[in-house]
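So the structure is just underneath, and the comments pick up after that.
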Amino acid sequence: MPTYDYECGGCGHAFEAFQSVSEPHLKRCPECKKPKLQRLFGGGAGFLFKGSGFYTTDYRSAGYESAAKADGPGGCSGDPTSCSRPGCGDA
Ligand SMILES: [Zn+2]
């Protein structure tokens, strides 16, 4: 379960809250009871966001690589008369 950092815009009270990602964000400050809480991006939650970002980037670049390979030698028929790849059939 991720940890979210909250800070109150009313009294400045800051704290961490353990919440499920499906739970709505907290709004009411437990100290001053004003609905001025703001969720901070940092700490555990920020780390999680970075992690998923890296994963997405890795996945994407891997996809680009395989797509490039399909256009290159992998997609070559080996027949110089029907393949437009420069140098096809030389090897
Ligand atoms: Zn407060």
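The values are calculated or read from the model by the stated rules, or taken from the named source; none is laboratory data. Treat the numbers as computed from the prediction; the structure is a model and nothing was measured. Note that we place each Cβ from the backbone using ideal geometry, even for glycine, and neighbour counts take in every protein chain shown.
How many residues are farther than 9 Å from Met1 by Cβ, more than 10 Å from the ligand (Cβ to nearest atom) and part of a loop (DSSP other than H, G, I, E, B) if we restrict to the stretch 12-29? Residues flagged as farther than 9 Å from Met1 by Cβ, more than 10 Å from the ligand (Cβ to nearest atom) and part of a loop (DSSP other than H, G, I, E, B) within the stretch 12-29 amount to 6. May I ask you to verify whether Leu48 is within 16 Å of the ligand (Cβ to nearest atom) and modelled with pLDDT under 90? So Leu48 does not fit the description; no. Residues in the stretch 30-40 that are over 17 Å from Thr3 (Cα atoms) and of a type in the set (A, V, I, L, M, F, W, C): Cys32 only.
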